[in-house]
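What follows is a short report on a single structure.
The values are calculated or read from the model by the stated rules, or taken from the named source; none is laboratory data. Not measured: the values here are computed from a predicted model. Virtual Cβ from ideal backbone geometry, glycine too; neighbours counted across all protein chains shown.
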Amino acid sequence: MPPRRRGTPKDPERAREAILDAALKRFSRKGYRGTRVADVAADAGYSEALVYFHFKSKSELFREVVNNIDRETKWFTDDPTADELVQQMHDGELQYHRDARWRALDRIWAEALAGEKDLLDLLKPQLEGTLTNLDALLARYDRIDHPRRATLARFIMAVSYGSRVMRRYDPGAVSPEEAADVLAFATKVALDALDGGGPPLDGVALPEA
């Protein structure tokens, strides 16, 4: 166990980063329910009170762990062409599957998808934010004001999250390269539909957004 550093740290930002790093490791090993703030504090070498000084609750700590990784991950370049977007979706998915920090959080997703409603509620803002950003991204390529653009965004997100869930329960079921290829294909399908140049959704009864 790291030595406990008492009192107010001289470098609050360094302490905050140490807490986030300890929390990520603890969540990956114990899951959300099995993680206690006291254990995170002990792992980081700070008091539990200091953890609560930076984060008001365990749920806030978890959200900031996710946000911290997301800020450090470069998903897209500014204003990509359609072909560049397909490539960036491919590369971003590959990056996700190869980044140990994202993979560490898959345990939480598995807990949530097993029916833990409060965990689903905790993850809902991130899901909604991802969906909103994806819909806004697709809007740049929507040449025909597609009535089901939001459905296409959900389609792309479902493909991405589906491969992550599969790899959580059976790492050999889908390779990172296969997951990236499938997401790139799904993105190309959606962009073709938005461009009015492809058959996707023609005659297909998809739920309304």
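Assorted remarks:
- Residue match in the stretch 127-135 (condition: more than 30 Å from Asp21 (Cα to Cα), in a loop (DSSP other than H, G, I, E, B) and either in contact with a Leu (Cβ under 7 Å, 6 or more places away or on another chain) or at pLDDT 85 or above (or both)): no
- One residue stands out among those in the stretch 98-126 that are closer than 25 Å to Glu178 by Cα and not in a helix (DSSP H, G or I): the one that is modelled with the highest pLDDT, which is Asp99.
- Lone unmet requirement of (1) touching a residue at least 60 places away in the same chain (Cβ under 8 Å); (2) in contact with a Phe, Trp or Tyr (Cβ under 8 Å, 6 or more places away or on another chain); (3) surrounded by 16 or more Cβ atoms within 10 Å (Cβ to Cβ) for Val65: (1)
- Just one of the numbered conditions (1) within 17 Å of Gln126 (Cβ to Cβ); (2) outside any helix (DSSP H, G or I); (3) aliphatic (A, V, I, L, M) is not true of Ile144: (1).
- Hey, Ala193 within 19 Å of the chain's Cα centre (by Cα) and either surrounded by 20 or more Cβ atoms within 10 Å (Cβ to Cβ) or touching a residue at least 12 places away in the same chain (Cβ under 8 Å) (or both) or not: no
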